[in-house]
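Some notes on the structure that comes next.
The values are calculated or read from the model by the stated rules, or taken from the named source; none is laboratory data. Note that this is a predicted model, so its numbers are computed, not measured. Glycine also receives a Cβ, built like all others from the backbone with ideal geometry; neighbour counts cover every protein chain displayed. For the accessible areas, the whole protein counts, side chains as well, though only heavy atoms, and no ligand, DNA or RNA atoms are used. Shrake-Rupley method; radii C 1.70, N 1.55, O 1.52, S 1.80 Å.
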Amino acid sequence: MKPLSQTIWKQGSLAVAIASGVFLVLMGGLLLFNQAQGKVAGLVQSTELVRLHEQLRQRPQDEALKQRIRKLDLQLRQNSFTELRISHNGTRAMIAVTVLFLASAHLARKQRQKLPDPLTWGPRRPAEENRIRLKTQYAVAAMFGVAAVAAVGISLHAVRLPSPPAPVQVAAIRFPTAAEMRENWPAFRGFDGSGHREVSAIPATWNVASGQGIRWKTEVPLPGMSSPIRWTNALFLTGANAQSNVVYRFDADSGKLVWATTLRMTGSKMPGPKVMEDTGLAAPTPVTDGQRIYAIFANAEVAALDFSGKQLWIRNLGPLDNPYGHAASLAIYQDRLLVQLDQGEATSKLVALNAGTGQELWRVARPIVGSWASPIVVEVEGKPQLITCGEPWVISYNPLDGSELWRANGLGGEFAPSPIYAGGKIIICNPGGDVRAIPANGSGDLSPKPAAWKTDAGVPDVSSPASDGRRLYLLTGDGQLSCLDPGSGQVKWKHEFKDDFYSSPVIGGSRVIIVSRKGVAYVMENADAFRELGKSELGEDCNATPVPDRQCLYLRGGKHLFCLAESAPVAVKSPEK
Amino acid sequence: MAQVVAQRFPPPQFTETGHVLPLPTEPAVRALWLDYLDAGVLIAALALVSWLVLRRRSRSGVVAVGIFSVLYFGFWRKGCICSIGSIQNLSQALFDSSFGVPLTVLAFGLVPLLFALFFGRTFCAAVCPHGALQDLVLLKPVKVPAWLDHSLRMLAWIYLGLAVVFAATGGGYIICQYDPFVPIFRLSGSLTMVLFGVSLLAVGIFVGRPYCRFLCPYGVLLGLAASVSKWRVRITPDTCTQCRLCEESCAFGAINKSAVDAPARPPAADKRRLMLLLVLLPVLIGGGIGLGGLAGGALAGKHRIVNLAERLQLEESGAVQDTTDASAAFRAGNHSIATLYAEARALHHRYVVAARWCGAWIGLVIGFKLLSLAIVRRRTDYEADQAHCLSCARCYRSCPQELQRLGLPVPETPKPANG
């Protein structure tokens, strides 16, 4: 007969093991239930709270609704913390009881443990053991089958990545010559961004009411601050609203709208850009290489179209977060479309896209806060440079690979005026306080070196300067036009116009033209002394920069595109639907 | 020393209640000497368990160290640092020269293997908190049929291959991600992983150490090292009397029965099977390479860069209509999509190559396993399977010689079956 204490241990340990086991099952179930409840009533998952927040967005002044949200929010938080407390305490209790369960169960098992009795097993059967060995082999082989099925199953979810870009046959692409580019007006403020062209027929005056000096006038369907560009007889322009980004082609001779292509970007839904009214959704001027037109809009959609209006490629470089909206125009060098996207020090960048395919060729981060100035590509001592400006750096890059050539700091303010290259120097209009000229043939950080010249006379704040190499014209937003010697920075003359200006001055041969925001155009002589040749009203506002051409001047007003010419007949056109 | 963490967003102002937001702090960096202490404790515990198993033949000593390991390496160190996971650090360091491995991780990865090389899997016996925890919950072991036991053990080899693939390609540490017991040691984790861990423990009440036997990738390496160990677990302290008392004593199916009747030369049928398996071996390896190549393209999707590139590709092609947090963040940042695609393509290629190697590994392992099953070795004693024996010391007391050595009553035993 077993001693009493042994019986008590045997029965007691079994009872404790059973009781603690039951507790563990119940507590485990309770914790799972609590977890499930927590998911339903959790703060983040509460559909009711989300619904109320949605209502508050529509009725932000509804105090009763606010109180209701606060009350529900508090209740949900209290629920969450209560459930969390239950979960924590329950887990700790479970661990303690698990220890008790294991100890008592092991004890109970030990009390009941019997020694094995091989006498009852019978003799070993080698044939049976061989059969098991064979069965095991089949089972192991089957594991390979299972792995194979799993591999095939997994392969159905193979990652699909874009194919590597085909090597660009640079030699096969015909780039327009410098002479062709100069002959046309392919970018914002012309081929090299200087705002100058040697022409002789810019009209000094016109009259919209009588039609005097207006060769044609065509309505532009959608608004935009962008300026026209021209290649042979094609004028290109962009316009946009919240729904559409559109590129227009007009016939330069007749003003007829040849085509209007609305960009089609399937899929990717970028957040709508936040822009100021003064910037709008189509501020950047497009660019052309004579084969394609490239346009960018405020929502960072960049596209290439052929001259028949067919969209060749499109991509989105956004989302953009420029405080006023994106305004920098595109630049092009050979097969590289150059996009300056200055938004903030951590996000500003310069991107080069393959003009033929839209694929990214290189990208560099820029230590620049938001800017609105456009980049220019110039050739210095036979080598191309991409000049960019923004607070606090002017940086020159190699447009072929994005490598930095030189930089100089000291720029400040909200940077809208674009740089120009004149007299071997890069002219920077620094809204922070001066206009400065920096030799373009430096390398590395030029900050410690003094500028070739500096002046604080008539520093533009929005307009970009213009220069024919002999004279440099600066226009401030409040109407001060200054003429300087680009070599020395010496002021030749100044004149105050009682008007406001965003549009940049341009030089057409012997004449300089500026257009105010109200649409008043002033034509001056391109000379060392101020002489006004004419003043005319457009009849609508104007923020775009004019395009001087051989026989006329193209100008985008708030609603129309104008072709102004000496003694031209009136031709008003509406866009074709 | 706690440091103030910069606020990313302006905090709300509790103007009505006047609640003052506490300053967020980040935990102090763990002192280096504590890491060295971990390594020291590991080595001491390994030495102690090796002595307890091989010299003292003490099951109770092993259990005591096991409880200590669960408390120290498990609940105190929260399952990290861990020898099992260290495989990944070592793999990544092997394939990425820029990746450094701390000395402590190196110690946790290599010292148990070194011990296994000399003393068998004493790490598994009681030093590994995962193994020790499962050992503690094992109450009523049931015998897993040999065919199931051997085939399920293949999973650990496959898991090892995949873990190396992911670690070597920078795709993540899947052993840590899917560690079933760390959430238990930390008392926190995803519900899925907690349930996985609890389920394994519940199964472990009846099936001895399911994770160690069927899943543990480190156990595979320890098994390889232990199979050539100098000193090993011997069931009997004297000579085996073929009493068969130990036959059912191992909860982990790691006792090889004696095979004194095994023919010196295998029969013709066995020879033919052996030849067939030898021919099959390259087929399995080749098949593994092919299947690995198939799966590699999908496995690459686990890498965050490949995943992001695929997502951006879908967005760019218009196949999806919205953006994810990752793709929106990428677009907002200063990153080149072309560079990302190029990087993703390179990673994709690495995955495919690594998965092919993994497939070859799986084919090789299964092929060798089939070969080893086809060969019957002559064995005079009941012996612990060197590769699979977890050195738990359970089998010692089933041996009447051991009971005799300890002065305990010896049960009646059958006469040796083979004379």
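Here are a few things to note about the model shown:
- Scanning the stretch A:390-406 for residues that are buried (at least 19 other Cβ atoms within 10 Å of the Cβ), in contact (Cβ under 8 Å) with a residue 40 or more places away in the chain and part of a strand (DSSP E or B) yields A:GLY390, A:VAL394, A:SER396, A:TYR397, A:TRP406.
- Filtering the stretch A:279-319 to residues that are open to solvent by 30 Å² or more (accessible area, probe 1.4 Å) and under 19 Å from the mean Cα position of the chain (by Cα) leaves A:LEU281, A:ASN299, A:ILE314.
- Criterion (facing chain B (nearest Cβ under 9 Å) and surrounded by fewer than 11 Cβ atoms within 10 Å (Cβ to Cβ)) met by exactly one of A:LEU156, A:LEU102: A:LEU156
- None of B:ALA346, B:ALA300, B:ALA342 is modelled with pLDDT under 90 and among the hydrophobic types (A, V, I, L, M, F, W, C) except B:ALA342.
- Residue in the stretch B:136-159 that is away from every other protein chain (no Cβ under 14 Å) and over 24 Å from A:LEU107 (Cα atoms) present: no
- Residues that are more than 14 Å from every other protein chain (Cβ to nearest Cβ) and among the basic types (Lys, Arg) were ranked within the stretch A:54-90; the one that is surrounded by the most Cβ atoms within 10 Å (Cβ to Cβ) is A:ARG68.
- Just one of the listed residues (A:VAL364, A:VAL378) is open to solvent by less than 20 Å² (accessible area, probe 1.4 Å) and not in a loop (DSSP other than H, G, I, E, B), and it is A:VAL378.
- Single unsatisfied condition, B:VAL228 versus (1) in contact with a Cys (Cβ under 7 Å, 6 or more places away or on another chain); (2) away from chain A (no Cβ under 14 Å); (3) open to solvent by 20 Å² or more (accessible area, probe 1.4 Å): (1)
- Selected residue [assigned to a helix (DSSP H, G or I), crowded, with 20+ Cβ neighbours inside 10 Å and assigned by TED's automatic domain parsing to the domain that holds B:MET275] from B:ALA342, B:ALA346, B:ALA354: B:ALA354
- Only residues that are within 11 Å of another protein chain (Cβ to nearest Cβ), open to solvent by 30 Å² or more (accessible area, probe 1.4 Å) and more than 26 Å from the chain's Cα centre (by Cα) were counted in the stretch B:357-387, giving 2.
- Residue within the stretch A:143-153 that is open to solvent by 60 Å² or more (accessible area, probe 1.4 Å), aliphatic (A, V, I, L, M) and in a loop (DSSP other than H, G, I, E, B) present: no
- Checking B:PRO267 against (1) touching a residue at least 12 places away in the same chain (Cβ under 8 Å); (2) open to solvent by 20 Å² or more (accessible area, probe 1.4 Å); (3) within 11 Å of chain A (Cβ to nearest Cβ), the condition it does not meet: (1)
- For the stretch A:105-115, the set of residues classified as in a loop (DSSP other than H, G, I, E, B) and either at pLDDT 90 or above or more than 8 Å from every other protein chain (Cβ to nearest Cβ) (or both) consists of A:GLN113, A:LYS114, listed by residue number.
- The set of residues in the stretch A:116-142 that are more than 7 Å from every other protein chain (Cβ to nearest Cβ) and assigned to a helix (DSSP H, G or I) comprises A:THR120, A:ALA127, A:GLU128, A:GLU129, A:ASN130, A:ARG131, A:LEU134, A:TYR138.
- Boolean, B:ARG331 is assigned to a helix (DSSP H, G or I), more than 20 Å from B:VAL165 (Cα to Cα) and at pLDDT 90 or above: no
- Test: residue in the stretch B:283-305 that is part of a loop (DSSP other than H, G, I, E, B) and at negative phi: yes
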